[in-house]
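Contents: one structure, followed by commentary.
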Amino acid sequence: MDAAALLIDDDAGFAESVAASFDARDLPLDVANSWETGLALYRAGLHELVVADYNLPGSKHGLKLLLEVKALRPSTRLVLISGRVTPTAADLIAAAGLVDRFIPKTPDLARELIDEARAAESRAVQGTDWRQVAGAHLARNTIDEGALESVDAALRVQVES
Amino acid sequence: MPVFHLDPTARLQRYLGRELIADPNLAIIEFVKNSYDAGASEVFVDFRLAGDLDDHEIVISDNGIGMDVDAFEQNWMHPGYSYKVDPSAVGVAPESPAAQRQRSRVAAGEKGLGRLAAGRLGRLLDVYTRQTPNDAWLHVIFDWDAFDRMDIPMRRVPVRYELGKDPDDARYTAGTVVRIRRPYFNWTHRVRGRKVAGRSDSRLGRLRQDLALLMDPFAHGGEDFHIFLGVDRPDLSQHAGLITVQELSVRDYVWEFEITPTSTGPSVHRVVRRSPTVVAKTGQPAESDLVVPSAQDDGDEEGATGTLLAGPIKGALYYAPPQVAERGVALGRPPGVFLYRDGIRVEPYGSPGDDWLGVQARKASRQGYAAIQPNLLTGHVEISRTGNPDLVDMSNRNGLVENEAYDDLVARLRAEFRAFDALVLDELVRPNWEEPAARAQLAAQRAQAFTVALAAAAGHSIRQPVAALGAELEIVETVAEKVADEALKRRLEGVVQRSRLHLRAIDASLERLSAIESVDLPKTFMELDLAVVVDEAVVRARPYAEAAGIPIDATVASVTVISEPQALEEAVFELLRNGIRATQDARRQEHVSVSIDRVGRSLEILVRDRGTGIHDSVRDRLFEETVSTSGQTGFGLLHIRELLALVSAQIELRSTGSEGSTFVIVVPSPAAMRKEA
């Protein structure tokens, strides 16, 4: 069975644990360790659910590409996950409106992702809403750069010297 | 009615001469003043110090008007008589430049005692004097030991004189030469005792300094009077030469004042002059001018203007940059505000150790931090015999007689100093406080940014494995669901449940860590009163104290620091709350106390509780993450430590035991902050 969910995370240990937990629930999961691999997998599989860790190298660029591709298939649910958790981060990402959900990396993350994956599987069997696709196609070049900036600001982790 | 007559014994000379004047320099200065009063344009103070002490001599020569036999007898042989204040004085000198100068000067002495001061210097005194080169020298010999008798009146001690004997090596063709022989002590020696800042430690060096300060460098009339110091020993020649009036020309501030009586009470006309450096630094004008009522400063407060009992006063205070002040000391101009009457110094005002204007006291009242450091203040105050008749010299030449006029003088001068101090504080010093404050704030902001970034990175990297472990537990949970063996299933479910609890505890701690980002960390460094900060913290902690039935005892005196009030208040509040909890846990009703102490360059806020103390197992890790005073998991003290570190303050556990604990917050003093900056 093709995976309905795609995980993009460069932490191999974490990705392996999440993949194993999906496997235990008999849920297939594609895993990519970089934006490039992730985008290639997405173009090939058009997953219903894409889970991406924001703190990957070149995340801003990668997220932008992903948003453009996602615009071609609006039913894809995009979930950002991050180990960077501040009380304001979730609010900022929600306000930006670029992604469908933000989940911090907590001990309950895997459970949340399993629930998301199950929902994605149920969506995968539904027909394509072509009207929505057409609308999305028109809007694909209008990603709000400001919103992208605010997401980037909320989730970027770096130690300033 | 029968009458008595006072008839002093010969021994009175000993008291009036040898024992009345403490400082031998003052005795020499008395003769220099006599030369000035005699209209001299020059006076030489020669020290002949070769050979044994008994061979040493001090010779004071001037080109003043000199005396004939009659004038000498009237002036010198009647202690307490002064021709300077006697309009009917005999022996009017022939017209000469000296006589003209004498008429133009206000007499420096008036008591008729100065000559007796020779008894302070040596056992024998020879006086040579004549009015013109055509006259014969009058030579008079005083043997002071001959006066050391109680059995005869003073007038019975013969004082021999002769006419026609020339003084050896006379420097001038006429005038007066005073030769002191068999001196009581050796002028080649150093001054005993501790060194005094700004003062030479050799006898001759100090005399030179005192002579340099004798004439008011700003009063007109002193230009035609020169003092020379002569020394016949090469190793002491550095003290020899013309005594120049030293006053520093480079000053940051000049505060001129003139206090005069007006119909509405005493008023003071002040002119403030600022150096180009100060003008550039402060943006203030080079000169400001204002007239205000003259106040009196009687201690802590300025009082009513009252009546100008002291009489008109004028003078100037100078604030020199530190490097210039150091140069001043090197030149022999020690710091201090000196008092001059008619252009002649009135000792000891302004001398090292004499804090007549309360400059040192002001510094002490500010915990060592003064706007005007005492060593940077110089100046002079001018009074006159005619304008200030109630300001009277003490006979021992050691200041003015303490009376209401003197009190008025000092109170008004102190008010001038205080106003000057306030001006320098506002214009020059306070902005310097702001500079280190700004630097501290910038450092705090950088530290905050670094801490936040570090916390974010640490939180992120810890969250990865935590989330991964959560995923692994999902697997175990799934497996457990499929296990048929009920016992094994329960064990697995137990493992999952407990593991999730542990992970959530870690997650909660991570959340606290990430909260650092949203804490409103120090923003504003300022000059603040530590007592106010502590009071605010006490007010916030009081509801907790009242709920626990534990009183807070706050004993704090006002003290200024440069810091960030919120961080300090937060830290004190947290410590008070900890203390209340600890005391409550110990089931004691004793108070939690907070106080402020000064220790060296720091200030300490001490918070003491009567709790059970901190357990050995956590004492060493007290300020590490996840350890609280009670040994439970928590971030309280870590948070306080980090917060204080951002404002250059520190926290330490001073003591702990079964009788309670004492935590100390160490805050750098403003002086330490300035040094750091």
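FYI, it's all coordinate maths here, none of it is from the lab. Being a predicted model, the structure only gives us computed values, none of them experimental. Positions of Cβ are backbone-derived with ideal geometry, glycine not excepted, and every protein chain shown enters the neighbour counts.
Below, the figures for the structure above:
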item	result
Hits among aspartates and glutamates - C-alpha to C-alpha of A:K60 under 16 Å, sequence gap 8 or more where chains match	A:D9, A:D10, A:E36, A:E68, A:D144, A:E145, A:E149, A:D152
Three-way shape call for the protein assembly as shown based on the alpha-carbon gyration tensor, with the a/c threshold at 1.5	prolate
Inter-chain Cβ neighbour average for residues A:98-111, partner chain, 10 Å	6
Shielding by partners - mean other protein chain Cβ count within 10 Å, residues of B:498-507	2
10 Å binning of all Cα-Cα separations within segment B:526-676, expressed as whole percents from 0 upward	12, 43, 35, 10, 0
Where the Cα pairs of segment B:438-518 fall when distances are cut into 10 Å bins, in %	17, 32, 21, 15, 9, 5, 1
Neighbour-limited loop hits for GluC sites (Glu not before Pro), segment B:4-59 (at most 16 other Cβ within 10 Å; DSSP other than H, G, I, E, B)	B:E19
Relative contact order (percent, whole number), chain A, Cα cutoff 8 Å, 6+ residue spacing	25 percent
Cβ-placed point charges (K, R +1; D, E -1), dipole of chain B about Cα centre in debye, nearest 20	1080 debye
Square roots of five times the Cα gyration tensor eigenvalues for segment B:12-243, Å	26, 22, 17
B:V346 long-range amide H proximity, modeled H, under 5 Å	B:L339, B:Y340, B:R341
More than 14 angstrom apart: percent of Cα pairs within segment B:392-431	61 percent
Alpha carbon convex hull of chain B, projected area averaged over orientations, nm²	47.0 nm²
Selected from A:L46, A:P28, A:G83, residue furthest toward positive end of dipole (chain A; charges at beta carbon)	A:L46
Charge dipole of the protein assembly as shown about the Cα centre (unit charges at C-beta), most positive-ward option of B:T173, B:N396, B:Y406	B:T173
Phi-based couplings in Hz for segment A:112-118 (Karplus 6.51, -1.76, 1.60; Gly and Pro marked x)	5, 5, 4, 4, 4, 5, 5
Backbone HN-Hα couplings from phi across segment B:347-352 [Karplus 6.51/-1.76/1.60, Hz, Gly and Pro as x]	6, x, 4, x, 5, x
Per-residue ³J(HN,Hα) for segment B:575-590, Karplus 6.51 cos²θ - 1.76 cosθ + 1.60, θ = phi - 60°, Hz, x for Gly and Pro	5, 5, 5, 4, x, 4, 4, 5, 5, 5, 4, 7, 6, 10, 9, 6
Full-stretch length increase - B:V69, B:D55 - with 0.36 nm per residue and alpha-carbon distance subtracted	2.2 nm
Distant-in-sequence amide H partners of B:D393 (H built 1.01 Å from N, under 5 Å)	B:V401
Per-residue average of Cβ from other chains inside 10 Å of A:11-21	5
Segment B:1-145, relative contact order [Cα under 8 Å, separation at least 6], %	30 percent
Shape category assigned to segment A:5-155 from the gyration tensor of Cα positions, a/c cut at 1.5	oblate
